[in-house]
Each structure stands twice: as C-alpha cells, then as structure tokens.
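The block underneath contains the structure these notes are about, expressed in structure tokens.
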Amino acid sequence: MKLHLPVLDEIPSIAKIWRDSLDQSNGWHHFRKMQIEKMENEPALYLESLNDLTGGENLTLEDGSVVKRLPSVTRFMWQDGPVGVISFRWQPGTPELPAHVLGHIGYETFHFARGKGYATSALSQILHFPRDLKLPYVELTTDKENSISQRVILANSGQFIEEFEKPKSSGGGLGFRYRITL
C-alpha cells in the first residue's frame, strides 16, 4: 500500500467509492459529504485542495459554525485503487491546534478494505509531512469505543494522553487523545 495523490481522471471513481462507503463508516459524515460534493462538482478544485499549504478559506463545521481552514495535505491509501484516505493538518508556527480541530491527522479505511493494515501503514507514511515541518509531535483522536483506530495509533508509537468530551462542532461524545512524538 502506498499513499497516492490522485489525478483528475481518478476522481469520479474515488467519489463513487467514498459515497458508497458512507453507510458503513463510523463518523465524519458532514466532512465526507462536503468532500464528495466537491469531487463531483469541482474535481479540479478538489485536487488543488489536497495540497493546501496555506489554508484560510472558510470551512463550515457540523454545527454550522464557520472557521478558517488550516493548511493540510490529503492522500489516498492506494492498493490497486483507492482503499482509504488520510489527512494531515497543522497550524503554522506551532504544534497547537484550534479547539475545533481534534487532531493533526485523520484517516479512514473504506469498508471493503478494513482489517488489512492499510491505516497503520498510511499513518506511518504520512508522518514525514509533520517531520519535514519540524513539529515535535502530532495528536490524533478517536471515539472512545473505536478500538481499531486506537490500535492503529498505538502501532505507530502513539501514547494515550486523555479522555475528553468532543465539542459539539465535532459531533460531541467521548474521545481519546493520543500523541506521537516525532
């Protein structure tokens, strides 16, 4: 499995796979739907957003609040086609994140590709971005009951930091915060 920056011709099939996986997913529905709509309606702009090194555009959160988008890079997990997606976001000049951003890295393995180690490999591979930015650490969060994602983080030297209440802008509920020292 490798991390892949798609080309324009690949976007329709990625959008279809991501749309088909919505029912089997375990969170991020608001964000996913926004991304799928952008893929389907503005595929060239979507591709540009995968290497957003400046951020700044408005982003509407699940609760309707509007914030400025952080710089981010997004890659697809690729094994004979898309099997998942992973993103790294940061706030320039600091390892800290705004309160509405739960972690530096978020990922999803599509339902048909789960249990094959793709997320563990993708997390390991994407860590070169924060290392290149000289961040001392990255933080990741999971839902309290998401033991699979917790194992992915632990397999990449993640250390448990805390249990916390997720903000309503991120769907609420209990979460676990982990830190990977770089």
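The values are calculated or read from the model by the stated rules, or taken from the named source; none is laboratory data. Here the structure is a predicted model, which is why all the values come from computation and not from measurement. Quick reminder, even Gly has a Cβ in these numbers, built from the backbone with ideal geometry, and neighbours come from all protein chains shown. The accessibility values were calculated without ligands, DNA or RNA, using every heavy atom of the protein model including side chains. Shrake-Rupley method; radii C 1.70, N 1.55, O 1.52, S 1.80 Å.
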Here's a check for you: in the stretch 108-120, which residue that is at pLDDT 95 or above and closer than 20 Å to LEU50 by Cα is most open to solvent (accessible area, probe 1.4 Å)? TYR118
In the stretch 78-99, which residue that is of a type in the set (Gly, Ala, Ser) and open to solvent by 70 Å² or more (accessible area, probe 1.4 Å) is nearest to LEU140 (Cα to Cα)? ALA99
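Can you tell me which residue within the stretch 51-77, out of those that are touching a Gly at 6+ places or on another chain (Cβ under 9 Å) and open to solvent by 20 Å² or more (accessible area, probe 1.4 Å), is modelled with the lowest pLDDT? Quick ask: steps written out before the conclusion?
Residues of the stretch 51-77 that are touching a Gly at 6+ places or on another chain (Cβ under 9 Å), as a first pass: 62-63, 68-72, 76-77.
Filter once more, so that each one left must be open to solvent by 20 Å² or more (accessible area, probe 1.4 Å): 62-63, 68-70.
Working: GLU62: 73, ASP63: 76, LYS68: 92, ARG69: 91, LEU70: 96.
Among them, the one singled out is GLU62.
Every residue in the stretch 153-176 that is touching a Phe, Trp or Tyr at 6+ places or on another chain (Cβ under 7 Å) and either part of a loop (DSSP other than H, G, I, E, B) or surrounded by fewer than 17 Cβ atoms within 10 Å (Cβ to Cβ) (or both), please. Break it down stepwise before answering.
If we filter the stretch 153-176 for residues that are touching a Phe, Trp or Tyr at 6+ places or on another chain (Cβ under 7 Å), which is where we start, we get 153, 158-161, 163, 175-176.
Correct list: GLY158, GLN159, PHE160, ILE161, GLU163.
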When you go through ARG114, ARG131, ARG75, ARG89 one by one, which is the residue that is basic (Lys, Arg) and farther than 26 Å from LYS16 by Cβ? ARG131
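Which one of GLU139, GLU108, GLU96, GLU145 is in contact (Cβ under 8 Å) with a residue 12 or more places away in the chain, of a type in the set (Asp, Glu) and either over 22 Å from ILE14 (Cα atoms) or touching a Phe, Trp or Tyr at 6+ places or on another chain (Cβ under 6 Å) (or both)? Show your work before the answer.
Working: GLU108 fails: either over 22 Å from ILE14 (Cα atoms) or touching a Phe, Trp or Tyr at 6+ places or on another chain (Cβ under 6 Å) (or both); GLU96 fails: in contact (Cβ under 8 Å) with a residue 12 or more places away in the chain; GLU145 fails: in contact (Cβ under 8 Å) with a residue 12 or more places away in the chain.
Of the residues listed, the single one that is in contact (Cβ under 8 Å) with a residue 12 or more places away in the chain, of a type in the set (Asp, Glu) and either over 22 Å from ILE14 (Cα atoms) or touching a Phe, Trp or Tyr at 6+ places or on another chain (Cβ under 6 Å) (or both) is GLU139.
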Residue check for LEU8: modelled with pLDDT of 95 or more and open to solvent by 80 Å² or more (accessible area, probe 1.4 Å): yes
Looking at LEU102, LEU123 in this structure, which one is touching a Gly at 6+ places or on another chain (Cβ under 8 Å), open to solvent by less than 60 Å² (accessible area, probe 1.4 Å) and outside any strand (DSSP E or B)? LEU102
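Among the residues of the stretch 13-20, is any on the phi < 0 side of the Ramachandran plot, acidic (Asp, Glu) and either buried (at least 16 other Cβ atoms within 10 Å of the Cβ) or outside any loop (DSSP other than H, G, I, E, B) (or both)?
Restricting attention to the stretch 13-20, the residues satisfying the condition of being on the phi < 0 side of the Ramachandran plot are 13-20.
Next, only the ones that are acidic (Asp, Glu) stay: 20.
Checking the rest, the ones that are also either buried (at least 16 other Cβ atoms within 10 Å of the Cβ) or outside any loop (DSSP other than H, G, I, E, B) (or both) come to 20.
Checking the stretch 13-20: at least one residue is on the phi < 0 side of the Ramachandran plot, acidic (Asp, Glu) and either buried (at least 16 other Cβ atoms within 10 Å of the Cβ) or outside any loop (DSSP other than H, G, I, E, B) (or both).
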